Each structure stands twice: as C-alpha cells, then as structure tokens.
Ligand code: HEC
C-alpha cells in the first residue's frame, strides 16, 4: 500500500470516530431533561426499580430509612417525603436545604439533587416505594408529575428551602 493510501484510510477512520463521538455526546446530552436515566442500569419495567434506585439515597438516609444522627434525617415518617408528592419530587430533583429555617433540626450537610442522574420514571418508582417503607403509608407518585415539575423548574440548580417548598405546595 502506498503511503498516501495509508494516510487516506487513517483520515477516514478518524472522521468515522469523530462522528461516533458526536453522536454519543448528543445521546448523552438529552439525559435528565426528557427524563432519560444517566445511570441506565435498571430496566424501566423492573418491579424492584424503586428499591434498587434507593441505593443512591441509602448512604445518607440509611438502609432502614433511619438517617444518620446529626448528618441526614430519617425518611421513616419524614414530613416532606410523606406529604404533598410535589415536595418529595422537588427535593429529589434539586435537593433540600433546611439549614436556613429558624428552629429546624440541625443537619450538618444539605442534600444535592438527582435531576441529572435519575429519569422521571425512576424518581416516581423510588418515591412511591419509599412512601410505603418503614411504616410510611403515603400514596404513589405519578411519573407524569415528575416530568411536569422537571420542566417547570428546568435550570434550577439550588436545593429547595422549606419556605420555597411551602410556596409551591400552597400555590401550585
Ligand atoms: C449525601 C447525603 C444524602 C443523600 C445521598 C440523599 N440525601 Fe436526602 N437529605 C440529606 C440531608 C442532609 C437532608 C436534610 C437537609 C437539611 O435539613 O438541610 C435530606 C433530606 C431529604 C428529604 C426531606 C426529609 C423530610 O423532612 O421529609 C427527603 C424526602 C430526601 N432527603 C430524600 C432523598 C432521596 C429520595 C434520596 C435519594 C435519591 C436522597 N434523599 C439522597 C442527605 C442526603
């Protein structure tokens, strides 16, 4: 093979590789917005999806939902988790910071959101599951509600304060 031919083949291969990288990045950039999973590890119809997705929360909220004293609150009987589903969804999407609340229990860290890691159906399954664990008895969370709130608050990257959540819940 002539040197020019080798160069041409190499150049063609580079172009193909570059196109593949662009296509891959395009596919990834949709993640989180339309509700694609950034993890992609669970089947959407897995009946254990909620329990499996809780793996992302368990480091702080504990395997039994009891939290870690002084660090992260329990999810058993947690008021925001078990109340209006919109608050639970918004906390999961964008995080929670009650450190500004007068008289709020002190937790040494605030929680960051999962909007770029969990798809709509994953958040719905996870919260529906958690709202039925550890003595919790709250109704399931609809996937459509997660999508609606994700779109409504797209671009938000700060955790919610209790005052902000109360405003959303009071005036939907
Ligand atoms: C890095 C630790 C950490 C992880 C991981 C984490 N959280 Fe949290 N979460 C916290 C902390 C800390 C607070 C309380 C923040 C505060 O009071 O300022 C909190 C608060 C909450 C609350 C409000 C509790 C209430 O009063 O009702 C909910 C709901 C919640 N988390 C759900 C989740 C879910 C669902 C996941 C997994 C997708 C998760 N958290 C992952 C640390 C974490």
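Read-outs: derived from the displayed coordinates by stated rules, not from any lab. Being a predicted model, the structure only gives us computed values, none of them experimental. Here the Cβ positions follow ideal geometry from the backbone for every residue, glycine too, while neighbour counts run over all protein chains shown.
Take the alpha-carbon positions of the chain, form their convex hull, and give its projected area averaged over all directions (one quarter of the hull surface) in nm².
Details: hull surface 54.4 nm².
The number I arrive at for the chain is 13.6 nm².
Compared with the dominant Cα axis of the chain, that is its longest principal axis, helix 143-152 is turned about 80°. Estimated from the Cβ-Cβ distance and a Förster radius of 45 angstrom, the FRET efficiency linking residue 13 and residue 142 is about 0.40. Counted residue by residue at 0.36 nm each, then reduced by the alpha carbon distance between them, the extension gain from residue 58 to residue 84 reaches 7.2 nm.
If R0 equals 25 Å, the separation of the Cβ atoms of residue 166 and residue 109 corresponds to a calculated FRET efficiency of about 0.70.
Pairs of alpha-carbon atoms within less than 8 angstrom and 6+ residues apart define the contacts here; what relative contact order does the chain have, in percent?
Numbers: 223 pairs, mean separation 44.5, N = 172.
Relative contact order of the chain: 26 percent.
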